[in-house]
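A short worksheet on the structure shown next.
The values are calculated or read from the model by the stated rules, or taken from the named source; none is laboratory data. Keep in mind the model is a prediction, meaning the values are calculated, not measured. Methodologically, a virtual Cβ is constructed for each residue, glycine included, from the backbone with ideal geometry; neighbour enumeration extends over all protein chains shown. Each accessible area value is taken on the protein alone, full model and side chains, heavy atoms only, with ligands, DNA and RNA left out. Shrake-Rupley method; radii C 1.70, N 1.55, O 1.52, S 1.80 Å.
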Amino acid sequence: MTLPAGWEGPEHNFLGLEEPWCHPDRAGVYVLPVPYEHTSSYVRGSDHGPSAILEASRQVELYDEQLECEPFREWGGIATASALDLKGEVDRAAVAAIEQFVRPHVEAGRFLVTLTGEHTGALGAIRAHARRHPNMCVVQIDAHGDLREAYQGNPFSHASVMARVVEDGHPLVQVGIRSISGEEMIRMKATDRITTFFAASLLDPSGPYGGQASRWIPDVVAACNGPVYLTFDCDGLDPSIVPALGTPEPGGLGWYDTLNLVAALAGGPGIVGMDVSEMTPIDGFVAPQFSVARLIYRMLGRIKAAKLVRESSPAL
């Protein structure tokens, strides 16, 4: 099988998969690189995140010892599109271009992982998915609220992306938040469309959940009132796991917290698509992008495992 134009072979694709496992005609997952950065307000370089994740992914072991399978095979393969060239478009125009890039793949029924730079890039992917899943709930794993009306005068700032999601009418469930402004707290309290689980509440051993994921994950799942679109800002993780970030914040989610949450969401309301943002590579330090690549692959394994259970269960 010859790869069609616009799709990447093993030298550049996610996991370094050979044909036929990287062919878009058979793959159940598409990875869509969207290297967008315009409004990053601290450390810049997130537009290099997608390519760094893809490069590191080719070192990821394909067998998942917890699931006892190679998830890429369960999906029928994982195809990687060539990166979107935004041709200098920014803000509203960039979001529209990303939506246009993602939308045909949503309509094709594949499970999509959009790799973007700053979190603003996620808005185009979210809007593309919403056309097919109008009742979806957006679950945001993040250190920051991203609910400012505008930041530095720009309503399409990375610090405002979730304000645009809520304006679009989607219920929003935030997980791991630990950096927030007074303006954002007012927005949270002014609508019932936003449910926020602060990191301190979830992870502090002296908090209401005793720092135990087995106690707080069910409440996060219960807050989701539709199929889930997962928007994953890498700074939702603790920076001890992924320090290569544009806006790092201490006190974030752990590796197994995150995987167990994804498994519970996939097994409950289901996950219809996802994006990954804000990985800002550090020259000569590959551990962060390797960790993110491995996490994405592990997430995909759990999402597929839940789909297989759902498909094998008799309809009620």
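Some notes on this structure:
Residues checked against (1) surrounded by fewer than 24 Cβ atoms within 10 Å (Cβ to Cβ); (2) touching a Ser or Thr at 6+ places or on another chain (Cβ under 8 Å):
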position	(1), (2)
P205	yes, no
Y209	yes, yes
C224	yes, no
C234	no, yes
L237	no, yes
G267	yes, no
E278	no, yes
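- All told, I303 meets the bar of being in contact (Cβ under 8 Å) with a residue 40 or more places away in the chain and crowded, with 20+ Cβ neighbours inside 10 Å.
- Meets criteria (part of a loop (DSSP other than H, G, I, E, B), over 24 Å from C234 (Cβ atoms) and either under 19 Å from the mean Cα position of the chain (by Cα) or modelled with pLDDT under 95 (or both)) for G9: no
Yes/no per residue for (1) among the hydrophobic types (A, V, I, L, M, F, W, C); (2) under 30 Å from G252 (Cα atoms):
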position	(1), (2)
L86	yes, no
V106	yes, no
L112	yes, yes
Q140	no, yes
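- Counted residues, the stretch 163-192 - those being under 21 Å from G254 (Cβ atoms) and polar (S, T, N, Q): 2
- Filter pass, A293 being in contact with a Ser or Thr (Cβ under 7 Å, 6 or more places away or on another chain), in a helix (DSSP H, G or I), modelled with pLDDT of 95 or more and within 21 Å of V60 (Cβ to Cβ): yes
- Restricting attention to the stretch 91-109, the residues that are at positive phi and open to solvent by 40 Å² or more (accessible area, probe 1.4 Å) total 1.
- Test: G49 is farther than 30 Å from V309 by Cα, open to solvent by less than 10 Å² (accessible area, probe 1.4 Å) and either in contact with a Pro (Cβ under 7 Å, 6 or more places away or on another chain) or not polar (S, T, N, Q) (or both): yes
- Subset of the stretch 268-288 [under 18 Å from R58 (Cβ atoms) and either within 14 Å of the chain's Cα centre (by Cα) or acidic (D, E) (or both)]: V276, M279
- Restricting the stretch 243-265 to residues that are open to solvent by 10 Å² or more (accessible area, probe 1.4 Å) and under 14 Å from V139 (Cα atoms) leaves a set whose member that is farthest from the chain's Cα centre (by Cα) is A264.
- Test for W216: is it touching a residue at least 24 places away in the same chain (Cβ under 8 Å) and among the aromatic types (F, W, Y): no
- A single member of V43, V60 is modelled with pLDDT under 95, hydrophobic (A, V, I, L, M, F, W, C) and not in a helix (DSSP H, G or I), and it is V43.
Conditions (1) farther than 25 Å from V286 by Cβ; (2) open to solvent by less than 20 Å² (accessible area, probe 1.4 Å); (3) of a type in the set (V, I, T), marked per residue:
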site: A27; (1), (2), (3): yes, yes, no
site: V43; (1), (2), (3): no, no, yes
site: S57; (1), (2), (3): no, yes, no
site: Q66; (1), (2), (3): no, no, no
site: G76; (1), (2), (3): yes, yes, no
site: L84; (1), (2), (3): no, no, no
site: K87; (1), (2), (3): yes, no, no
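- Any hit, the stretch 278-288, residues being touching a strand residue (DSSP E or B) at 6+ places or on another chain (Cβ under 7 Å), in a helix (DSSP H, G or I) and under 18 Å from D142 (Cα atoms): yes
- Contacts under 8 angstrom Cβ, first residue in the stretch 67-88 being within 19 Å of G9 (Cα to Cα) and touching a residue at least 40 places away in the same chain (Cβ under 8 Å), partner buried (at least 22 other Cβ atoms within 10 Å of the Cβ) and of a type in the set (S, T, N, Q), 6 or more apart: I78/N13; A79/N13; T80/N13
- Condition met for V102 (among the β-branched types (V, I, T) and assigned to a helix (DSSP H, G or I)): yes
- The number of residues in the stretch 280-300 being aliphatic (A, V, I, L, M) and either open to solvent by 50 Å² or more (accessible area, probe 1.4 Å) or on the phi > 0 side of the Ramachandran plot (or both) comes to 2.
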